[in-house]
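Beneath this line is the structure, given in structure tokens, with notes to follow.
What follows draws every value from the coordinates through simple rules; no lab data is involved. The structure displayed is predicted, hence computed values, not measured ones. Here the Cβ is made from the backbone with ideal geometry for all residues, glycine too, and neighbour counts use every protein chain on show.
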Amino acid sequence: MSDRFIPQNLEEIRNQIIETCKKCGRDPEEVSLIAVSKTKPNEDIIEAYSHQQMHFGENRMQELQDKMDAIDLPGIQWHMIGTMQSNKIKYIAHRVDWIHSVSKAKYLNEIEKRAAEYDRTINVLIQVNISDEDQKSGCDVSDLAGILEHAKHLSHIRIRGLMGMARFVDDAEDVRSEFRLLKETLDSHQQYNGGNIELTELSMGMSGDFEVAIEEGATMVRVGSSIFGSRNYA
């Protein structure tokens, strides 16, 4: 895909977000679009940024590090959305703004340690397994309270909400219940708010199902191929 299509695709996705919010009585300003730029060249990110796209997501730590170091633009926000690796957190802690995929207390400990080295505070979302698939990362709903309790004692992390990955299906309606589960889980843990815990964000929904996710309460949608085009590998 030539980058000349990126502005057109961004406008289309933004319009879909606005229309979906109108239909379900939400303010479009409540929903952030995360442009998932994995495997895409830096030029595509810069092109999207030039059309007011500020949030970019990567699922591999090395690729995220390389892109963060190469692209230093005012206001750009970097999101780590892929599988966590404790031994690689040190490579992204100097610059990453959001980490969506934390499912265990040990990852919080490592983020805390590395963020402290740079005197930074990193926004974190706890990933919950909403699809009940073994291959999907995320903690069980029953484990969330313990993770939040642990996080209360960390000073370089802000817990901002939850992230979930639904099953890959042809009909987005088939995963509505999974998005609803994540919203219900967020709502049922509000008693943990205070200090460095502020459970307001829901990162859920991708190119094929983000409209249903918004209807169920998403505040961040992670859209890649509908903006940048198909990829040669995941």
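Summary table
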{"read-out": "For segment 3-224, with +1 on Lys and Arg beta carbons and -1 on Asp and Glu, the positive-most of M54, A151, V141 along the dipole", "value": "A151"}
{"read-out": "Contour minus Cα-Cα distance for S155 and A70 (0.36 nm per residue)", "value": "27.7 nm"}
{"read-out": "Theoretical ellipticity at 222 nm over the chain - DSSP helices of four or more residues, -39500 (n - 2.57) apiece, nearest 500", "value": "-10000 deg cm²/dmol"}
{"read-out": "Separation in nanometres of the label points that stand 7 Å from Cα toward Cβ, at M54 and F168", "value": "3.2 nm"}
{"read-out": "Listed residues L108, V128, L162: farthest to the positive end of the dipole of segment 96-191 (Cβ charges)", "value": "L108"}
{"read-out": "Where labels lie 7 Å past Cα in the beta-carbon direction, separation of E29 and E12 in nm", "value": "2.9 nm"}
{"read-out": "Values of log10 I(q)/I(0), in the order q = 0.10, 0.12, 0.14, 0.21 Å⁻¹, for segment 1-108 under a Debye, Cα-only, solvent-free model", "value": "-0.33, -0.47, -0.62, -1.11"}
{"read-out": "Kirkwood hydrodynamic radius of segment 3-224, Cα pairs, Å", "value": "17.6 Å"}
{"read-out": "S142-A116 pseudo-label distance in nm [points 7 Å out on the Cα-to-Cβ vector]", "value": "3.2 nm"}
